[in-house]
Each structure stands twice: as C-alpha cells, then as structure tokens.
C-alpha cells in the first residue's frame, strides 16, 4: 500500500513561525514594534493551541504586520536559514518520496513554495493560503475562498486530495492533529524539535523530537542510523549549563543531576545511558562499566581521569574524553594568589579583623620576589605556573618523573628529595595515578626547609593528611593551601570533615582550582565538542584511552565503526565480509593500542542487515555501529 506524508510548515519544516519573522522585518522602524510582535506571537500560540478561531487569528495577525510585497524577499532569505536541522539532514527523504510528500499549511504559498521546492517538494503538492495586495504592494489580507483560511481547513484539503493509502501527519499544532481526529490519517506525529505544546503531545500517536525519529520508527532511515533524541546523556556534579545547552541543541535527551553518585547509585543510573558526563567526585569503576548497557562515551569535565577505570572502558569499547587544557590558567592563578596570601599571613589577619583584632605588623610577612618555588609535576598546569611564577620574581625549580624541558629559567631537579630540600615554596601538580598515593608524607615533610609554604591543588590522596597536620602544628610548614582531599562531600549539602580544619595560616578550598566561569565555560565547550565528533563522525581526536583518529567526512558514503580486541587478522576478516557482500570500500582507517583495534570503513552502496550481523559476528568484536 502507498504511503503519503503530510507535513506542516511553520515550526515544523522551519524552526519558526513565518509571520513572526515577517513582523520582525516589516515592523523594523515601527514605534509599536515590540508591542505588536508580542501580540502576533500571543495570537499565533492561541491559534496553534486551538484556543482561537483560525480565520480570526489570521486576520488579526495580518492587520498587525504592516507588511509589503518587498518584505517577502527578506523573509524567504531568512526562512531558508531557519529550516529545521533534521529536515536539512534528511534531504534525501524529500527527494526519494517527493511524489508522496504534501506540505499542508495555514501559512502562505508566497513564502512556502520557494523554501520547500529547494528540497524536492513539488509546487503543486503545496497547499497553503495566498496573500492579497493593494495597488501599492501592501499586504491587506488573504484569499477568503481558500479552505485553509478557515477552521478545519487541513481536513477539507485532505478530503479533496483523496489519497489512497496510509497517511502520516507530521506537525506541531492542533490543526495537524485535526486530520487524524477526522479519521483521514493513520498516525499523527507531534514534531517537537522546535516547539512543544502540551495539549498536542497528549493527542499524538507518537512524539517525534526530530524527523530522524519519524524515519527511524518507520524504518526509513537515510541520513543517520539512529536518532539523536534516543541518545541519552547523563550529566552529574553540576556540569556547566553551557554543556547542557550544547547537547540539547544537538538533539540528545539530557538528564542532569546536581551531585556525584556512589558506585551502587551509578550502576543503576547508568542503564540506558549512551553518554556520561562527570567531574572529579564520581568514580566510574569497572563495576559501573559492567552495568552500562548502552554507553558509548564518558566525558570528564575536568583535567584528570583517574576517577575513571580507563582499561575497563577500553575493553567495553567506551571512549573517554577530558579537558586537559581548559582550566589550566584558573588553577595557576589560584596557586599564585594562595602563595601571596600565605607569605603575607593574610588568612589569619583577615580572620582577626572579622573578630575585631587589629594585627598591624610586618612580622611573618614576606614578598614572593626572590623566593624559590618548587613545582612537583611539570605538566600543563605545572609548566604554566612555572612561567607565571617567574614573572613574579620567583626562582623556579621543578621535578617530574618524566624528563621534561624547563621553560624560561626554570631549573630541573634530579629527584623529589633534591627539590624539597632546596625550595621555600612547594606546589603539587601531579596526576592521581595510584602510585602517587601519599607521595608527600612524614619523610618528605622532613626533607623540606623549616617554615616552608605548601600547596596541594593536585589530588587529595597524594598527601598524607595526618603528616601535613603534624607539619603545620610543629611549624615545619608555615602556611598551607589545600584544594583537594582524600574524601570529599558528594554534594554541597554534605558536611566537609577534615583534620585540617581550624589550623593557623591554612587555606582550605572546596576543590575549586578550576572553578572559574571562564574555565567551566571552556570545558563545557570542549568536552561536548569532542564527544559529538566521536558520535557523529567516529573521530577519536584527544580521547584519553582510544587510539586517536581524525577522520575526513564522506557525505555520500556509509560509515561503519568496528571496535575489536587487538588480535592479528581482524582487519582481513572485516574486508573478507565486505567482499562477500559485494561491498566496495571508499576509505578505511585502522589504529590500535595495546588492548583494542579501531577500524573505520566507508562504503559506497546500500547494505542490508546480513552485512551488519556478519561484522558483529567476527571473533573478538567488542562493539560495532553504523554511523550513517
């Protein structure tokens, strides 16, 4: 049986209501522009919800527009830029089914036809109203004899068309639902990519957050293999709203949670999740990964990834991305500020002032210029701290387990002991790998100079807290700043418990080294960008655990992703399967690491489920997916 597709225009084919945009153009210099535009919008919404007689709604809006024929060119140019993203993505659908696609709209042919015909829709398949103009080109009204200018107009058009076959309606308003209500359509799909109307959702046979969803449920996929609205994203620990906005705009289904989750909670919450976003508190353990039935990627919205079992992710084909540079400057600035605070004993003097104590004295107050700072860990943060500290007049020494070239006049120490015995200030910037646990303990504090300034903005477990407390109380450490702790509250509502509370000249901060608006916005841009590249193109650039591949786009090809255990001969088996199905390879990319192989194959022809099942069935396959 033939299938026919009835598609609305305003807020469906395009992201906007065309008359609202026409109002922006025609009322540009009008003194009542703001008030009229709001009235037009209110009338539109009332009409779309079914709360206002349609002809009355149309008449009122045209009366407010003050529009002319010459405004339509600008309107059409604007609407071409505002075609719904999923419609742009699926241009092939319109070309393939152009004989069976009808645009039925209460809008106007004058601007609809130039938009939809570019997508292959036939002009005589566009049913809409027509403007009336006066002799001077002013829009004065509409054709009152056109059934689409009256209530139930779409129903009347469908009856006149007399389509013989299954009819599917895609739209966002009450007039679209009326077609199904009149018994003229098999199903009504409430299109919510651009706007959601509660009473329309209640009446829909199926909610379609995108055209991809409609094509998916009807097994007519063209542009992508899986609708983005079915990709579930879970973002924990108050990740910046910018990341939420980006991922929602991409079309993902996003759930946010304000705090961290413990292992048991996350094991339950991870089910059905395709993308997980965390910061530093949440532990993504092997057990969590075992319970992740759909997980494709983990985004660490921070620098470190030691809270994630990278090997477990790798063995399950889960790519991990982080933000190695995005908050570097924020951490460095905090370190410099805390060094100055501690050298001037400002923490205690500030508290004294709030208690009414006037402690004016130069005692225990020193400039930073000429002092020796020792940086433990010379990665992104340590090396930038080195540069900034030198501009403040500090003599810089550094130690790193790897042989790294010093920047500026920084001097490399051969051992941690050498550094600790040399410097006046110690600042830790190492990663959180297990072997760094308690790397600074009683012995290391014993190596330090008396009256040293000590900072830990790295990881909580790298310092023995009891040994630090003893060093502060004995005077070995004259001032300390600690931003990270072995055990941290999961939410802001939990009490912070530590032996370091209340100690003199000790700055305690709640893991905020990278918590500036600039850093969080940078991270919120960077990490989703890398994840979306992976989901959309298969690119693993900057992945922490996957072999890194930067891939070109092949818009006219189908892209297949195969992740497998790093065993000899897998690529040959993949190509044998393709050859057996008479598939020609347009491009192929392979990269491996010690655990997995990652193969991207672009093919130039249609394929069936037998091919995908055969590729999934290759021995040692971890994960297979069709990208597009």
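The values are calculated or read from the model by the stated rules, or taken from the named source; none is laboratory data. The structure presented is a predicted model; accordingly, all values stated were derived computationally and were not measured. Quick reminder, even Gly has a Cβ in these numbers, built from the backbone with ideal geometry, and neighbours come from all protein chains shown.
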Condition broken by residue 186, with the remaining ones in (1) surrounded by fewer than 17 Cβ atoms within 10 Å (Cβ to Cβ); (2) under 19 Å from residue 104 (Cα atoms); (3) in contact (Cβ under 8 Å) with a residue 60 or more places away in the chain satisfied: (3)
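Please indicate, with yes or no, whether at least one residue in region 576-588 is part of a helix (DSSP H, G or I), over 21 Å from residue 316 (Cβ atoms) and touching a strand residue (DSSP E or B) at 6+ places or on another chain (Cβ under 7 Å). Give the steps one after another, and end with the answer.
At the first step, the residues of region 576-588 found to be part of a helix (DSSP H, G or I) are 576-580.
Then drop every residue that is not over 21 Å from residue 316 (Cβ atoms), which leaves 576-580.
So of that shortlist, the ones also touching a strand residue (DSSP E or B) at 6+ places or on another chain (Cβ under 7 Å) come out as 578.
Yes, that holds for at least one residue.
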Some residue of region 463-482 being within 22 Å of residue 380 (Cβ to Cβ), modelled with pLDDT of 95 or more and either in the same structural domain as residue 319 (by TED's automatic domain parsing) or touching a helix residue (DSSP H, G or I) at 6+ places or on another chain (Cβ under 7 Å) (or both): yes
Entirely in region 303-400, the helices (runs of 4 or more DSSP H) that have 1 or more residues that are closer than 30 Å to residue 563 by Cα: 310-315
Meets criteria (surrounded by 17 or more Cβ atoms within 10 Å (Cβ to Cβ) and part of a loop (DSSP other than H, G, I, E, B)) for residue 281: yes
Odd one out for residue 75, checked against (1) out of contact with any strand residue (DSSP E or B) (no Cβ under 7 Å at 6 or more places or on another chain); (2) farther than 27 Å from residue 167 by Cβ; (3) at pLDDT below 95: (3)
Out of 432, 408, sole residue that is assigned by TED's automatic domain parsing to the domain that holds residue 503, out of contact with any strand residue (DSSP E or B) (no Cβ under 6 Å at 6 or more places or on another chain), in contact (Cβ under 8 Å) with a residue 60 or more places away in the chain and not in a helix (DSSP H, G or I): 432
Single condition residue 406 does not satisfy, out of (1) farther than 23 Å from residue 432 by Cβ; (2) surrounded by 15 or more Cβ atoms within 10 Å (Cβ to Cβ); (3) modelled with pLDDT of 95 or more: (3)
Residues of region 501-521 classified as crowded, with 16+ Cβ neighbours inside 10 Å and either more than 15 Å from residue 278 (Cα to Cα) or in contact with a strand residue (DSSP E or B) (Cβ under 9 Å, 6 or more places away or on another chain) (or both), total: 8
Cross-chain or 6+ apart pairs with Cβ under 7 Å, region 33-52 first and assigned by TED's automatic domain parsing to the domain that holds residue 18 and within 20 Å of residue 9 (Cα to Cα), then at pLDDT below 75 and in a helix (DSSP H, G or I): 47/54
Condition met for residue 292 (assigned to a helix (DSSP H, G or I) and either modelled with pLDDT of 90 or more or over 22 Å from the mean Cα position of the chain (by Cα) (or both)): no
Yes/no for residue 455 being in a helix (DSSP H, G or I), in contact (Cβ under 8 Å) with a residue 12 or more places away in the chain, buried (at least 22 other Cβ atoms within 10 Å of the Cβ) and touching a strand residue (DSSP E or B) at 6+ places or on another chain (Cβ under 8 Å): no
Residue check, residue 474 surrounded by fewer than 19 Cβ atoms within 10 Å (Cβ to Cβ) and more than 25 Å from residue 262 (Cα to Cα): yes
